[in-house]
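The structure appears right after this line, and notes come after that.
The values are calculated or read from the model by the stated rules, or taken from the named source; none is laboratory data. The shown structure was predicted, so the numbers you read here are calculated from the model rather than taken from an experiment. Cβ: placed from backbone, ideal geometry, glycine included. Neighbour counts: every protein chain shown. Just the protein is used for accessible areas: all its heavy atoms, side chains included, with ligands, DNA and RNA removed. Shrake-Rupley method; radii C 1.70, N 1.55, O 1.52, S 1.80 Å.
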Amino acid sequence: MSVNYKSNITVRTLITVILTLLFASACQTTTTVSNHCPSEDMLNWVKGIKTCFAVETYKPTGSKAAVLVITLHGDLSGGGKADYTFDIAKIAASEGAIGVSIMRPGYTGGQKTSSGTPTRNQVRHVRYSAEEADDIGAAVTALKAHHDVSRVIMFGHSGGAAISGVIAGRSAPLVNGLVLLACPCDVATWRQRNGWEPYVGAASPHEYVSSLPDGTRIIALTGSDDNNTGSYLANDYVARARAAGIQATFIEIPGAGHNYRAASMESYIRSAIKNLINM
């Protein structure tokens, strides 16, 4: 049997070239992401593990703040900007904390857009991934160090609430308090009860209740007319948290639906944030 050494060498060379190009492409992607931040000033931009996050920062007047309140918006499945959480960060600042709205990967707030792909455009098996929660958690860790605060409270709406709950468990003891609005706190049950396709790879807040540190405080809010993330989801999460020894409260907002509406929700959100800032 004859062996074509020249052919074998050509194939090996081709494979080597392909692998080199793939490696270079991966390195270029990493470089592009890390360089996406115009300036990591911690007031407009902050880096996570692989994402450059756009942020909007509001500081209180007077003495130095001891609490950082992070806000995470929902999935915005119909499109649009994530600016609505800016008002909630402003509420935090008015109550004496530093309020920071983080735009999740691929989302725009104000005139800034985080790198990455928004949840609404992701394939279903990577939505609400633990990796994305860790990415945002790394940004929150950096912000806590930069602002030199002793406590962190996270406010999340809808998908942002789900991610906040996961971060609180996975990045413990980073987060001291959670305000969860319209939380799909058991992602699998939420998808199933609505007759929707599952998010197979999703991390879910209810899976991380046992990882929450002692002293964590949770206030979950859901509108009585929310036909997306019904009250049963947050109610069950609060019950699980209480069973684990966590101080948790569920409040149903009369007449409120799923989407954020300042007129019906703001007073409840302000009360919850103020409660946790002063805990």
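Note on region 51-62: residues that are closer than 21 Å to Val175 by Cβ and either among the basic types (Lys, Arg) or part of a loop (DSSP other than H, G, I, E, B) (or both) total 3.
Region 127-226 holds helices (runs of 4 or more DSSP H) entirely within its bounds, and those carrying 3 or more residues that are more than 16 Å from Thr71 (Cα to Cα) map to 130-147, 187-193. Taken across region 231-238, residues that are small (Gly, Ala, Ser), closer than 23 Å to Ile136 by Cα and in contact with a Leu (Cβ under 9 Å, 6 or more places away or on another chain) do occur, with at least one present. The set of residues in region 237-279 being touching a His at 6+ places or on another chain (Cβ under 7 Å) and under 15 Å from His206 (Cβ atoms) consists of Tyr237, Arg240.
Residue count for region 148-201 under the criterion of being among the aliphatic types (A, V, I, L, M) and either at pLDDT below 95 or open to solvent by 20 Å² or more (accessible area, probe 1.4 Å) (or both): the result is 3.
Residues of region 63-98 being farther than 16 Å from Asp148 by Cα, open to solvent by 60 Å² or more (accessible area, probe 1.4 Å) and in a loop (DSSP other than H, G, I, E, B), which ones?
Ser77, Gly78, Lys81, listed by residue number.
When Pro118 is tested against the conditions (1) more than 29 Å from Ser271 (Cα to Cα); (2) open to solvent by 60 Å² or more (accessible area, probe 1.4 Å), the lone failure is (2). When the test is whether a residue is more than 21 Å from the chain's Cα centre (by Cα), charged (D, E, K, R) and assigned to a helix (DSSP H, G or I), Arg270 does not pass it. Which one is surrounded by the fewest Cβ atoms within 10 Å (Cβ to Cβ), of the residues in region 217-238 that are farther than 16 Å from Tyr268 by Cβ and among the hydroxyl-bearing types (Ser, Thr, Tyr)? So the residue we want is Tyr232. Scanning region 101-115 for residues that are open to solvent by 10 Å² or more (accessible area, probe 1.4 Å) and either touching a residue at least 60 places away in the same chain (Cβ under 8 Å) or of a type in the set (S, T, N, Q) (or both) yields Thr108, Gln111, Lys112, Thr113, Ser115. Scanning region 245-255 finds no residues that are without any contact (Cβ under 8 Å) to a residue 60 or more places away in the chain, of a type in the set (Ser, Thr, Tyr), open to solvent by 40 Å² or more (accessible area, probe 1.4 Å) and over 26 Å from Ala66 (Cα atoms).
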